[in-house]
1. At 25 °C and 0.890 mPa s, what whole-number value in µm²/s does Stokes-Einstein give for the translational diffusion of segment 134-245, with Rh from the Kirkwood sum over Cα pairs?
2. Tell me the mean residue ellipticity at 222 nm calculated for the chain from its helices only (DSSP H runs of n ≥ 4, each -39500 (n - 2.57), averaged over every residue, nearest 500).
3. Could you work out, for the chain, what percent of all Cα-Cα pairs fall into each 10 Å distance bin, beginning at 0 Å and stopping at the bin that holds the largest distance?
4. Using modelled backbone amide H atoms (1.01 Å from N, in-plane), which distant-in-sequence or interchain residues come within less than 5 Å of L57's amide H?
5. Quick one: order R216, R62, R237 by neighbouring beta-carbon count within 10 Å, fewest to most.
6. Along segment 50-56, what does the Karplus equation 6.51 cos²θ - 1.76 cosθ + 1.60 (θ = phi - 60°) give for ³J(HN,Hα), rounded to whole Hz, x for Gly and Pro?
7. Gap in Å between the Cα centre of segment 124-156 and the Cα centre of segment 32-62?
8. With point charges of +1 on the Cβ of Lys and Arg and -1 on the Cβ of Asp and Glu, referenced to the Cα centre of the chain, which listed residue (A19, T31, T98) lies farthest in the positive direction of the dipole?
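Readers should treat all values here as calculations from the given coordinates under stated rules, not as data from a laboratory. All values reported here derive from a predicted model rather than from experimental measurement. Neighbour counts run over all protein chains shown; Cβ positions are idealised from the backbone, glycine included.
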Amino acid sequence: MSSSLHDRAVDELGRRIVAGELAPGSTVLATDLAAELEVSRSVIREAVRVLQSLGLLRSVRRLGIRVQPEDNWNVLDPQIIAWRLSGSGRGAQLRSLTELRRSVEPAAAELAARHAPDPEAERLLRIAASMRSIGRAGDLESFQELDIEFHSLVLAASGNEMFAAMSDMIGAVLRGRTRLGLMPKHPHEDALQLHIDVADAIQGRDPARARDAMERIMTRTLAEVEHIWAEEPRTVRSPTRADLG
């Protein structure tokens, strides 16, 4: 099976579901999807397995493939995040992710100042210094990758495996911001200095200063992008019995 055909089928179907083109509750047939996407049924079967694992589809015996409602989606999966950021609901998605980061990353920085091994703390300082020089040079692509590495390392250095598991999500949202043109070509000097402040506080074992500096980074981030979702309504999802265990 061609991996490119498989990836294309997953991407096309995922984007359609997230965009609402395949409505929740609707049922489709593998044969129809194969004909429409001009791929084999085996490619569709493998694509459906991937989308089932993300909570977007469910196979229903003798009926076909049913599109699942948003409540079933694995909304922290980087692939779903990328699809949502590329669609009409990008504002609400960016809001949710930014608010999540603002809640978690200051706490992660505080924990990292307590628990980060010395090599990781020193690496953070090197990354922050590189971010400043590359940011000033206007190399946005390289800066983005360093920014992802920095924030992922802070999460990992916290010693909290739940925080560490969010690193792929952080990468997805930062790359999404770049694609949407929401990253300045030359990051503000204050932002560059704050990353150094976080790293310095973690290496200096100063939890309060690490938390404060990361909180200030997140506050700046929120201010830079909150206009994107200014008109987006919020959806309040009631917990189901499955959620409550």
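1. Stokes-Einstein gives a translational diffusion coefficient of 154 µm²/s.
2. Details: 12 runs with 165 residues, N = 245.
When only DSSP H runs of four or more count, the value is -21500 deg cm²/dmol.
3. All Cα pairs, binned at 10 Å, distribute as 7, 27, 29, 21, 12, 3, 0 percent.
4. Here the answer is Q52, Q68, since their amide H atoms fall under 5 Å of that of L57.
5. Ascending number of Cβ neighbours within 10 Å: R62, R237, R216.
6. With the stated coefficients, segment 50-56 comes to 5, 5, 5, 5, 8, x, 8 Hz.
7. Using only Cα atoms, the two centres lie 39 Å from each other.
8. Final value for the positive-end residue is T31.
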